[in-house]
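Chemist: This is the structure, below, for whatever I ask next.
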Amino acid sequence: MRLRSRLIFLLVLLLAVGSDRAFPAPDTRPHGPHIVMIIRHAEKPDNTGVEKDPNLSRQGYERADALAKVIPDHFPKPDWLIATKRSKSSNRPVETITPLAKTLHEPIESTFNDDEFDQVAQEVLSDARYAGKTVLIAWHHGKIPELAKALGAKDVPDKWDSKVFDRVWEIIYDGDSVTWKDLPQKALSGDSDK
């Protein structure tokens, strides 16, 4: 009886080796993005004592214009652009990457509110359209650390300094490895070199 079971097993194994159906090829398609870059929106107006201006300041518009050249020239070219959805108090993330979107001829996805960073992360990590791609996300500084953590980045600071506008947080996915880097934009005079 044992010999018969072994013969049947060997016969099934031999038939399976010659059949593509029995052993399908492993799925080698990338499942998540290759790189995600996160930036804070550019400079905002001093809203002290006045009704909040939802737009960028003059310097913020200068940064947005500079990023349209700096990002493609010094960072991986984004395949996808994402920004927080406009609210009554801010449209700055969209305004920050609008010149870049025009340069790259890419639309800006802006369907998520600032607090929906976990939903953005889930979509970017699981939606097939981002697979193997480079994604740039413009967000509000208060939620960037949580967004980066939701995207799998380790050792990110718990807070983004409210006075800092000139950084790029780059998250690189390589197989099971996730690497996080805090890089200077070097977009405007006075930006950090390191």
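Chemist: Of ASP127, ASP155, which residue is out of contact with any Leu (no Cβ under 9 Å at 6 or more places or on another chain) and on the phi > 0 side of the Ramachandran plot? Let's see the steps before the verdict.
Modeler: On the way: ASP127 fails: on the phi > 0 side of the Ramachandran plot.
Only one candidate qualifies: ASP155.
Chemist: Turning to a different aspect of this structure: Which ones in region 67-93 are without any contact (Cβ under 8 Å) to a residue 40 or more places away in the chain, under 20 Å from PRO54 (Cα atoms) and of a type in the set (D, E, K, R)? Reasoning before the result, please.
Modeler: The first filter runs over region 67-93 and keeps only residues without any contact (Cβ under 8 Å) to a residue 40 or more places away in the chain, leaving 68-69, 72-73, 85-89, 91.
Then drop every residue that is not under 20 Å from PRO54 (Cα atoms), which leaves 85-89, 91.
Correct list: LYS85, ARG86, LYS88.
Chemist: From the list VAL156, VAL178, VAL135, pick out the single residue that is in contact with a helix residue (DSSP H, G or I) (Cβ under 7 Å, 6 or more places away or on another chain), of a type outside the set (Ser, Thr, Tyr), at pLDDT 95 or above and closer than 14 Å to GLY32 by Cα.
Modeler: Details: VAL156 fails: closer than 14 Å to GLY32 by Cα; VAL178 fails: in contact with a helix residue (DSSP H, G or I) (Cβ under 7 Å, 6 or more places away or on another chain).
That would be VAL135, the only listed residue that is in contact with a helix residue (DSSP H, G or I) (Cβ under 7 Å, 6 or more places away or on another chain), of a type outside the set (Ser, Thr, Tyr), at pLDDT 95 or above and closer than 14 Å to GLY32 by Cα.
Chemist: Go through region 80-145 and tell me which strands (runs of 3 or more DSSP E), entirely inside it, have 2 or more residues that are under 23 Å from PRO45 (Cα atoms) and in contact with a Phe, Trp or Tyr (Cβ under 8 Å, 6 or more places away or on another chain).
Modeler: Working: elements: 80-84, 108-112, 134-139.
Fully inside region 80-145 and qualifying: 80-84.
Chemist: Still on this structure, I have one more. Suppose we filter region 32-75 for residues that are closer than 16 Å to PRO93 by Cβ and part of a loop (DSSP other than H, G, I, E, B); how many remain?
Modeler: Counting residues in region 32-75 that are closer than 16 Å to PRO93 by Cβ and part of a loop (DSSP other than H, G, I, E, B) gives 11.
Chemist: Of all the residues that make up region 82-123, how many are of a type in the set (D, E, K, R) and either under 23 Å from ASP166 (Cβ atoms) or crowded, with 20+ Cβ neighbours inside 10 Å (or both)?
Modeler: Adding up the residues that qualify gives 5.
Chemist: State all residues of region 152-180 that are charged (D, E, K, R), part of a strand (DSSP E or B) and loosely packed, with under 12 Cβ neighbours inside 10 Å; if no residue qualifies, say none. Show your work before the answer.
Modeler: Of the residues in region 152-180, the ones charged (D, E, K, R) are 154-155, 158-159, 161, 163, 166-167, 170, 174, 176.
After this cut, where a residue has to be part of a strand (DSSP E or B) as well, the list is 167, 170, 174.
Result: ASP174, single match.
Chemist: Which condition number does LYS149 fail, the rest of (1) among the basic types (Lys, Arg); (2) surrounded by 14 or more Cβ atoms within 10 Å (Cβ to Cβ); (3) in a loop (DSSP other than H, G, I, E, B) being met?
Modeler: Failing condition for LYS149: (3).
Chemist: If you go through region 124-133, how many residues are surrounded by fewer than 17 Cβ atoms within 10 Å (Cβ to Cβ) and either in contact with a Pro (Cβ under 7 Å, 6 or more places away or on another chain) or under 24 Å from GLU95 (Cβ atoms) (or both)? Let's see the steps before the verdict.
Modeler: Initial filter on region 124-133 (surrounded by fewer than 17 Cβ atoms within 10 Å (Cβ to Cβ)): 126-129, 131-132.
With the extra rule that they be either in contact with a Pro (Cβ under 7 Å, 6 or more places away or on another chain) or under 24 Å from GLU95 (Cβ atoms) (or both), the set shrinks to 131-132.
Residues that pass the stated criteria total 2.
Chemist: Before we move on, is GLU109 of a type in the set (Asp, Glu) and under 21 Å from GLY132 (Cβ atoms)? Quick ask: steps written out before the conclusion?
Modeler: Numbers: of a type in the set (Asp, Glu): yes; under 21 Å from GLY132 (Cβ atoms): yes.
Spelling it out, GLU109 is indeed of a type in the set (Asp, Glu) and under 21 Å from GLY132 (Cβ atoms).
The values are calculated or read from the model by the stated rules, or taken from the named source; none is laboratory data. Computed from a predicted structure; not experimentally measured. Cβ: placed from backbone, ideal geometry, glycine included. Neighbour counts: every protein chain shown.
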